[in-house]
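What follows is a set of notes on a single structure, which appears directly below.
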Amino acid sequence: MSGRILRYTIILFFGAAAAIPFLWLLSTSLKGAEEIFAFPPSFIPDTLNTGNYTGVWESISFGVYTLNSIIVVSVTVLLNLLLASLAGFALARLNFPGKSIFFLLVLAAMMIPKEIIIIPLYSTVLALGLDDTLAGVILPFAVEGFSIFLMRQAFLQIPKEIEEAAIMDGCSLLTLWYRVMLPMTKPAIGTLVIFTFIGTWGDFIWPLVVLKNSENYTLQVGLSYMTGTFVNNYRYVAAGSVLALIPVLVVFLTMQKQFRRGVFAGTGK
Amino acid sequence: MNNKAPAYLFLFPAFLFLGMFALLPMAQIAYYSFFEDNLIIPKVFVGLENYAELVSDRNFWSVLLNSFIYLLVTPVLIIISLTLAIAVREETRLNNFFRTLYFLPVITPLVIAGIMWRWIFTEDTGLLNYLLSLLGIGKVSWLSESPQNMFSVMILTVWRGFGYYMMIFLAGLALVSRELEEAAELDGASRLQKVFHIILPQLKPSITLVFVISSASALKIFTELYIMIPGSPMANKTLVYYLFTEAFERFNFGYSSAAGVLLFILTLGFSYANVKISSGAAKE
């Protein structure tokens, strides 16, 4: 019996620990100007102040940041999907000299932390003339080792018979890849989309380096910039943060199953 | 299937990007680290000078020490996430709800998570100091004084990580043999005995994995500091922060590359040691 109480205490304690920062953010985003600095702080705002939401939207280029983030995320996701499914297909289904070396390179790329190579990445972006552009933010993340790895595993699992039947029907390689096999990797595609979406949406250090002009900021860079300029306006930052959280929450909650599968794929299980 | 030419066509686009933006840059930082390079004047070969300068910089040693101190989050994360994985192991509706809840911090962008926690830790109006004042504890300078500010950043790391590692442990738990557990129950083993003698030994691969992932990411902490304690002195920062400042505020690209090389070696060394130690322990 006491074991059960202990178990629920632990579950609830960490549940509260996980939830409270979100609730606090939400509450801050709905507070009025004076209430923000009230001590003791109040959990539930006196009046629901939706003005912070319209305020953040109007007073800074929040809409522009959002649009930039949407562009960066959708192009990055599409490129990862395209490039990783092409390479994953070749690594899983085709035979050619150097195949194992290519696969090793994928694994090596997975192990290189972006934080460490940020300087040469930046000088490449400079050399390509892409400094301070969204393309400069996107291209270094156009395909990640993890995406190729994930797609390779998915293509490996398709039975040999399907491939043979398609070849008998006179299918070209491109048709085999696109029409026959790609639709069969849907779960992996789902995983790839969510992982890339959430990773790119939250990415900070790289866009911070590349983007200079505030008109080019992504949401995360914009939010961090706001915490600098709006030091006294917690309410706007809070409202902006809530807005920037909505897309990840929606994507995660609707596609949880694929997400969990991805965590396991990342662990080799 | 044997189709050499098309195979390379399938691989080409992906490997072009992978080469340009992952493999080549890694080789480049090793190369840059032997040069004095600030992007403006032509770079000059300086041999090991960057490394020599690095080890004689007092700030370098303090950020290195801090990076090691941040590794303290690893055992904390393992204990919490393992405990929770065992607690919500059965697939009930309630447990699934909590699994989802624990995972929400994981998907929260780091910038937003940092902002959220900064407000909780704020000294005058923060939530934490208010809760502590209810217990009769005076105001703590969670963000402005060392070492509390490092502790605050660690809390953020733990908050944002435990749900992820719990998922890895749940995947590991799914492979734990039920028969062994049932046999132990029949023999009258207590719950704790079951955990320590049946479950933990079988979870060793997952524990190693979590050790490797969480220590590698603890060594790379940057955004957390940038958002939560931006004004604090370099002595409170970590290796990646140092590398970043040297590169993008002082434009010492060569010097910063040397720091990057050391960080890479450190990360690899750590992962290797973790795997070695745990596989050695498994043999005993």
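The values are calculated or read from the model by the stated rules, or taken from the named source; none is laboratory data. All values derive from a computational prediction rather than experimental measurement. Positions of Cβ are generated from backbone atoms using ideal geometry, with glycine treated the same way; all protein chains shown enter the neighbour counts. Surface accessibility is based on the protein's heavy atoms, side chains included, excluding ligands, DNA and RNA. Shrake-Rupley method; radii C 1.70, N 1.55, O 1.52, S 1.80 Å.
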Completion exercise
Contour minus Cα-Cα span, A:Phe43 to A:Ala19, at 0.36 nm per residue, comes to 7.3 nm
Problem - Selected from A:Leu67, A:Gly222, A:Pro45, residue furthest toward positive end of dipole (chain A; charges at beta carbon) - result: A:Pro45
Problem - Ratio of Rg to Rh over chain A (Cα coordinates, Kirkwood Rh, two decimals) - result: 1.07
Practice task
Quickly estimate the mean residue ellipticity at 222 nm for chain B, helices only: each DSSP H run with n ≥ 4 gives -39500 (n - 2.57), and the total goes over all residues, rounded to 500.
Solution key: -22000 deg cm²/dmol
Exercise for the section: Sticking with the crude label model, points 7 Å out along Cα→Cβ, report the distance from B:Leu48 to A:Leu126 in nm, one decimal please. Expected result: 2.8
Problem - Label-to-label distance, nm, for residues given as B:Leu65 and B:Tyr272 (7 Å Cα→Cβ offset) - result: 2.7
Practice task
Quote the charge dipole size of the protein assembly as shown about the Cα centre in Debye, to the nearest 20; the model charges only the Cβ of Lys and Arg (+1) and of Asp and Glu (-1).
Solution key: 1200
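Under the classification rounded if a/c is under 1.5, otherwise prolate if a/b is larger than b/c and oblate if not, where does chain B fall, given a ≥ b ≥ c as square roots of the Cα gyration tensor eigenvalues?
Verdict is oblate for chain B.
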Handout entry: Euclidean distance of C-alpha centroids, segment B:77-128 and segment B:253-278, integer Å
Key = 29
Fill in the blank from the handout: Distance in Å, no decimals, from the C-alpha centre of segment A:1-32 to the one of segment B:140-211 is 19
Practice task
Check cross-link reach from A:Lys257 to the lysines: straight Cα distance under 23 Å, and skip same-chain residues fewer than eight apart.
Solution key: A:Lys186, A:Lys269
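How high is the FRET efficiency between A:Leu253 and A:Leu78 when r is their beta carbon distance and R₀ equals 22 Å, given to the nearest 0.05?
Numbers: r = 23 Å, r/R0 = 1.03.
Calculated transfer efficiency: 0.45.
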Exercise for the section: Calculate, in nm to one decimal, what B:Leu132 and B:Glu91 gain on full extension: separation in residues at 0.36 nm each, minus their alpha carbon distance. Expected result: 11.1 nm
Exercise for the section: Compute the relative contact order of chain A as a whole-number percentage, counting only Cα pairs closer than 8 Å that sit 6 or more residues apart in sequence. Expected result: 30
Practice task
Using a 1.4 Å probe over the heavy atoms of the protein chains, calculate the carbon and sulfur portion of the accessible area of chain A as a whole percent.
Solution key: 67
Handout entry: Summed buried accessible surface, chains B and A, 1.4 Å probe, nearest 100 Å²
Key = 8000
Completion exercise
Given the candidates A:Gly3, A:Ala18, A:Phe96, the one whose Cα lies deepest towards the positive end of the charge dipole of chain A, counting +1 at each Lys or Arg C-beta and -1 at each Asp or Glu C-beta, is A:Gly3
Completion exercise
Row for segment B:79-152, column shape: gyration tensor on C-alpha, a ≥ b ≥ c, rounded if a/c < 1.5 i.e. under 1.5, prolate if a/b over b/c, else oblate; value prolate
Exercise for the section: Take the alpha-carbon centre of segment A:101-138, take the same for segment A:53-76, and report the distance between them in whole Å. Expected result: 25
Handout entry: Per residue, in Å², the accessible surface of the protein assembly as shown once ligands and nucleic acids are set aside, probe 1.4 Å
Key = 44
Completion exercise
Counting lysine pairs in chain B that sit 8 or more positions apart or on different chains, with Cα atoms under 27 Å apart, gives 9
Handout entry: Most mobile of B:Gly269, B:Gly136, B:Gly47 in a GNM of chain B (Cα contacts under 10 Å)
Key = B:Gly136
Completion exercise
Computed, not fitted: 222 nm per-residue ellipticity of chain A from DSSP H runs ≥ 4 (each -39500 (n - 2.57)), nearest 500, equal to -22000 deg cm²/dmol
Practice task
With +1 on each Lys and Arg Cβ and -1 on each Asp and Glu Cβ, and nothing else charged, work out how big the dipole of segment B:57-283 is about its Cα centre, in Debye to the nearest 20.
Solution key: 200
Completion exercise
Per its Cα gyration tensor (rounded if a/c is under 1.5, else prolate when a/b beats b/c, else oblate), the protein assembly as shown is best filed as rounded
